[in-house]
1. Can you tell me which of B:A49, B:A89 is surrounded by 24 or more Cβ atoms within 10 Å (Cβ to Cβ) and more than 14 Å from the chain's Cα centre (by Cα)?
2. Going by the conditions given, is A:L26 more than 8 Å from chain B (Cβ to nearest Cβ), buried (at least 24 other Cβ atoms within 10 Å of the Cβ) and in contact (Cβ under 8 Å) with a residue 40 or more places away in the chain?
3. List the helices (runs of 4 or more DSSP H) that sit entirely inside the range B:119-194 and contain at least 3 residues that are touching a helix residue (DSSP H, G or I) at 6+ places or on another chain (Cβ under 8 Å) and closer than 26 Å to B:E66 by Cα.
4. Considering every residue within the range A:103-111, establish whether at least one is out of contact with any Pro (no Cβ under 7 Å at 6 or more places or on another chain), under 19 Å from B:G57 (Cβ atoms) and surrounded by 17 or more Cβ atoms within 10 Å (Cβ to Cβ).
5. Among the numbered conditions (1) among the aliphatic types (A, V, I, L, M); (2) at pLDDT below 95; (3) farther than 25 Å from B:E174 by Cβ, tell me where B:L107 comes up short.
6. Helices (runs of 4 or more DSSP H) wholly in the range B:20-92 with at least 2 residues that are under 23 Å from B:K194 (Cα atoms) - which ones?
7. Just wondering, is there one or more residues in the range A:122-134 that are facing chain B (nearest Cβ under 8 Å) and either in contact (Cβ under 8 Å) with a residue 40 or more places away in the chain or crowded, with 16+ Cβ neighbours inside 10 Å (or both)?
8. Tally time: how many residues in the range A:57-105 are among the aromatic types (F, W, Y), more than 8 Å from chain B (Cβ to nearest Cβ) and in a loop (DSSP other than H, G, I, E, B)?
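The values are calculated or read from the model by the stated rules, or taken from the named source; none is laboratory data. All figures in this text were calculated on a predicted structure; none of them were measured in a lab. We place every Cβ from the backbone using ideal geometry, glycine too, and count neighbours over all the protein chains shown.
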Amino acid sequence: MPVSLPNSRIVYDALKKCGIGLVSALPETWLVHLIRMAEDDPEMILVRLAKEEEAVGISAGAHFAGTKSAMLMQNHGFLASINGIVSFGQLYRIPLLMVISYRGHFGERDPWQTQGGSATEPLLRALGISYAFLDDPSTVEKRIAAAQTLAASSLHPAAVLLTRDLMWEE
Amino acid sequence: MGVMMQRVDCLRSIHDRLEDCLVVTIMGAVAAELQSVGHRSNFFYLQHAMGLASSTGLGLALCLPEQRIVVFDGDGSILMNLGGFTTLARYHPKNLVHVIFDNESLLSVGGFPTATATGSDLAALARAAGIAKAQTVHTLEGFKTAFDEAMAGNELSCIVAKVDATGPKGYVTELSLLENRFQFRRHIQKITGK
């Protein structure tokens, strides 16, 4: 499977470095290594979900408990979580660090991913959620830390988009 | 069947047991009635995002295994997140008690019947998801007994309380959403140091 293991490691290490103690996830191809890393890490609480919107509640609970968390999801999972993001994350000022795999964008071969790909950025903008691309291994750590800092200081969701350039090797 | 159990009586009957817990409720009648019985800084009312009260309870329970977490859910809310039963069952937090008030309706929007009105059985769904300790209660005595057992036990438990489809006159309370949210976080910070 040509999902980049070294770059997944860089992303995971960056999450650890900013103090993430809980990750919730619903498996998708680009996230497989990240989920396994969380599973193998005795310090990390991993919550495997049935549907991504649950992650908003779990991250809110973690925030109330004083634990920093990250939500690993595909962009279609972001689409499936929007009510939770708006009527819990935003309504209650919960810092949510969303790590979203940006499927359906340039280079996508799976036709079923393409519509969600074109909707992702317009929806993030419509919701006023700041986002940055993770496209270069050398800037991943800095951008994840910056997103976490903004989420915590603004008490608001912030997103990083995992791109094909970073996650896919072929 | 005789007179149905009232939700507010259930809440009143166990209110003193909630002092040392972290409590998460859904919106609507449950939130308004618990506040009318008596608000505490360890109560958080999720006044929207239907379905996510149980997920919030799970996040709290996993991050604070030494604390007792109580979730007051409703049939309309849990029906929006039935997958959440499977996630709860998967992680099986021993410190979580999941109470679902089932009035078989979406009361605050006019009492439209939910699927539990036509036979969908929430306790059976919970058991099928893997939450072995799930039961339905119909009387106040039954509710109190089930709640006390769940609190004394060391196992994830789900109590479906069949209650009358009546509620308070209004749902908006004096307590602002953000005030409640920050108070709840401060309370946890104070008791856990986290």
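1. On the way: B:A89 fails: surrounded by 24 or more Cβ atoms within 10 Å (Cβ to Cβ).
Exactly one of B:A49, B:A89 is surrounded by 24 or more Cβ atoms within 10 Å (Cβ to Cβ) and more than 14 Å from the chain's Cα centre (by Cα), namely B:A49.
2. On the way: more than 8 Å from chain B (Cβ to nearest Cβ): yes; buried (at least 24 other Cβ atoms within 10 Å of the Cβ): no; in contact (Cβ under 8 Å) with a residue 40 or more places away in the chain: yes.
For A:L26, the condition - more than 8 Å from chain B (Cβ to nearest Cβ), buried (at least 24 other Cβ atoms within 10 Å of the Cβ) and in contact (Cβ under 8 Å) with a residue 40 or more places away in the chain - is not met.
3. Counting at least 3 such residues, we get B:140-152, B:177-192.
4. Let us first name the residues in the range A:103-111 that are out of contact with any Pro (no Cβ under 7 Å at 6 or more places or on another chain), namely A:103-111.
With the extra rule that they be under 19 Å from B:G57 (Cβ atoms), the set shrinks to none.
Checked the range A:103-111: no residue is out of contact with any Pro (no Cβ under 7 Å at 6 or more places or on another chain), under 19 Å from B:G57 (Cβ atoms) and surrounded by 17 or more Cβ atoms within 10 Å (Cβ to Cβ).
5. The failed condition is (3).
6. Working: elements: B:29-38, B:53-63, B:75-79, B:83-91.
Ranges flagged: B:53-63.
7. In the first step, residues of the range A:122-134 are kept if they are facing chain B (nearest Cβ under 8 Å); the result is none.
Within the range A:122-134, not a single residue is facing chain B (nearest Cβ under 8 Å) and either in contact (Cβ under 8 Å) with a residue 40 or more places away in the chain or crowded, with 16+ Cβ neighbours inside 10 Å (or both).
8. Start the filter on the range A:57-105 by keeping residues that are among the aromatic types (F, W, Y), which leaves A:64, A:78, A:88, A:92, A:102.
Keeping just the survivors that are more than 8 Å from chain B (Cβ to nearest Cβ) gives A:78, A:102.
Going one step further and asking which of them are in a loop (DSSP other than H, G, I, E, B), we end up with A:102.
Counting residues in the range A:57-105 that are among the aromatic types (F, W, Y), more than 8 Å from chain B (Cβ to nearest Cβ) and in a loop (DSSP other than H, G, I, E, B) gives 1.
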